[in-house]
Every structure is written in structure tokens, then in C-alpha cells.
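Let me begin by presenting the structure, written as C-alpha cells, before commenting on it.
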Amino acid sequence: MAKFVAAGADATITLKSKGETTKVDLYSEEGYELLAGLWTKLTAQFRRQYDISWLGVPIIQFPEDIVVLQELIWRVRPDVIVECGIAHGGALLLYATVCEAIGHSHIVGVDVEIRAHNRVAIEAHPLSSRIELIEGSSVAAQTFAKVQARCAGAQRVLVLLDSNHAADHVARELELYHQLVTPDSYLVAMDGAQGQVYDIPSGQRAWRRDNPLPAIRDFLERHPEFENDGHFTRLKATSSPDGFLRRRRREEMPARDAAGAGVVAGAA
């Protein structure tokens, strides 16, 4: 049975770690930020994201991110969704669910290894007609060429990067796949929270620096046509902080940058 926790208007939170003490009012922005950060750590430590499925298939996402991902797809209404790193395929089916409601869209799932039982589960699903699977490294030239061909002529393309989360790999994916993203759509670099959970008991110290966040920062510095959209991380507890990158429309670009703002897959 759930335990009721008494916490009146005067409640505070005190966190002690490594000789430092942080104390904040519970019902403050600082309190919200602290609790969200701790919730992210606890979710990762107890692997709760692995307990969730979508239409019977494991999705491996925070519940908060599942909610905002459907918001994102409903807003953009893409013709093509590309996901690099599909695991069991639950996220593909989430995207297909929203696309079915919209009435169009094709989903391309890319993974370096699509295990036989995962392929069977995806291809046997009632929504499989909206999904195409491509096996191969997301950063291999031949793989990207196949994905690029599937996006040809699309007016709206949405890309989600959820494969290898090492900084150098994410950097390579960002440089490749940003070309496919159409104006007013998004390039989503997932799991930057790896850099925030390095210090949990099951974490790895290398994650402190080797995570998607440095790659995202470097990418944004070199690509002014993209901006971080905090709307999709407003719930605070997320696996993808700073990861929802919107491609600006040409008229939003500073004049000096507009010339380089063309796209491969759709109208500018």
C-alpha cells in the first residue's frame, strides 16, 4: 500500500553528499529541480525505464519522455521519422501509434544489430506497416545513404538519435543526420542524462565526460540553424536534457547564417 508523506507548505529538502549540504524549500523552483534530478538518478539506479512497454513491446524510456515524444510527433506531423538505435522496438511502436492517429508517416528504424526476436516482434505487430528496419551502423556511409534515400522528397523529417551514447559517436550522428531534418522539425539527441547519473552506485565515472551533452553543445556552436527547445524537457525528469534541437526556419536565421541553412530531405 502506498505510504502517505506529510509535506506542508513549510517543507524543506536537505541533501547531504560528499561533505556538502544542500537545503531548499520543497515548493520552490530549486526544490523542483533538485527532486527532478534525484528522480532521474533513482530511475537510472533502479532501471525503472526498463520496466515499461508500449503496446506489449519494451520501450526503455522515462514515462515523462514518452509523454513529450508523442507531443513532439503530434506537433511536427512528420512524413518520415528516423530513429537510430531501436533496441526492442517499443519506441518505434510509440511513434507508429501517433502516426496512425495522424493518418500518415513512415518510420525508419536503424540499429547496428537487430536481434531476431526483436525483428519478429516488430514485424508481427499490427502497426508494422508503418515501420521499416535498416541494420547497420548509424554512422556508416552506406547506412546513412539508405536512410537518406527513404527521406527523399519528404516535406517534414524528424530524427531521433538513441544508439551509442559516447560523445564521439553522438557527434558523428549529429553531423550526419542533421542534414535530413527539415525546418521547424527536430533532431533529438537522447540520453544526455548519462552525464548526470555517473555518480549513482551502478554508474560509471567515465560517463561524467563521455556522454551526449558535450557533443550537443559543440554541435549547437557550429550549427546556428538549430536551437535547444526547452519545452520538451519542461517536466525536468528526463533522460534527454538539452536534447530536443529544433531546426529554425530560414526567416528566423540571422542573415549571415541563412545561406548555409539548406536541407537535404525537404523544403527550406
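The values are calculated or read from the model by the stated rules, or taken from the named source; none is laboratory data. Computed from a prediction, not measured in an experiment: that's the story for all the values here. So basically every Cβ, Gly included, is an ideal-geometry build from the backbone, and we count neighbours across all protein chains shown.
Restricting attention to region 90-131, and to residues there that are of a type in the set (Gly, Ala, Ser) and touching a residue at least 40 places away in the same chain (Cβ under 8 Å), which single residue is farthest from Arg172 (Cα to Cα)?
Within region 90-131, the match that is farthest from Arg172 (Cα to Cα) is Ala121.
Is there a residue being modelled with pLDDT of 95 or more, buried (at least 19 other Cβ atoms within 10 Å of the Cβ) and either outside the structural domain of Leu69 (by TED's automatic domain parsing) or part of a strand (DSSP E or B) (or both) anywhere in region 256-263?
No, the conditions are met nowhere in region 256-263.
Within region 18-34, is even one residue exposed (fewer than 13 other Cβ atoms within 10 Å of the Cβ) and β-branched (Val, Ile, Thr)?
Yes, because at least one residue in region 18-34 is exposed (fewer than 13 other Cβ atoms within 10 Å of the Cβ) and β-branched (Val, Ile, Thr).
Looking for something within 24 Å of Asp218 (Cα to Cα) and out of contact with any helix residue (DSSP H, G or I) (no Cβ under 6 Å at 6 or more places or on another chain) - is there at least one such residue anywhere in region 85-94?
Yes: region 85-94 contains one or more residues that are within 24 Å of Asp218 (Cα to Cα) and out of contact with any helix residue (DSSP H, G or I) (no Cβ under 6 Å at 6 or more places or on another chain).
Taking into account only those residues within region 115-166 that are β-branched (Val, Ile, Thr) and surrounded by 16 or more Cβ atoms within 10 Å (Cβ to Cβ), which is nearest to Asp210 (Cα to Cα)?
Looking at residues that are β-branched (Val, Ile, Thr) and surrounded by 16 or more Cβ atoms within 10 Å (Cβ to Cβ), I get Val139.
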